[in-house]
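Structure record follows, encoded as structure tokens.
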Amino acid sequence: MFREIMTYLVYGRMVGGKLQTDRFAIKRLDFSFDHDYFTPEQWFEAIKGPGVVTLAKREKIRVEQSPFTLRDDGQMGTTTIYLGSNDSGRMVRVYNKRGLPG
């Protein structure tokens with residue numbers, strides 16, 4: 001399904017054998033990966049290193065800590081790391097709302 005959506009967004013759709021490009025603009029695209037085996041802090045360390053190439057500006061890395069926010073796994077404290085800016089076309093947000101799998 002994801003492949004079909006991306007093909008439509010990139011190439012448009014065929015109607016009567018002719019390519020129809022619909023008028024739309026993607027303002028935001030969110031992906032959620034629940035219960036991954038890494039933390040926001042590990043991701044932060046990885047993107048700071050020289051082995052990662054990004055089009056987002058590293059000057060725009062922002063770390064937010066909420067030590068009293070209750071996570072879905074019952075633990076206290078969340079961390080959210082932003083790479084890029086909402087004002088740009090490139091931003092990644094990594095957070096640990098759920099916690100690591102047991």
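The values are calculated or read from the model by the stated rules, or taken from the named source; none is laboratory data. Source: prediction; values computed, not measured. Neighbour counts run over all protein chains shown; Cβ positions are idealised from the backbone, glycine included. For the accessible areas, the whole protein counts, side chains as well, though only heavy atoms, and no ligand, DNA or RNA atoms are used. Shrake-Rupley method; radii C 1.70, N 1.55, O 1.52, S 1.80 Å.
Restricting to Cα atoms and excluding each atom paired with itself, what does the Kirkwood estimate give for segment 50-95 in Å?
Evaluated on segment 50-95, it is 11.9 Å.
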Residue-normalised value, i.e. accessible area per residue, for segment 37-87 at 1.4 Å probe, in Å², stands at 73 Å²
Each label sits 7 Å from Cα toward the beta-carbon; between residue 52 and residue 15 the label points are separated, in nm, by 4.3 nm
Taking 0.36 nm per residue of separation between residue 61 and residue 75 and subtracting their Cα-Cα distance, the length gained on full extension comes to 2.5 nm
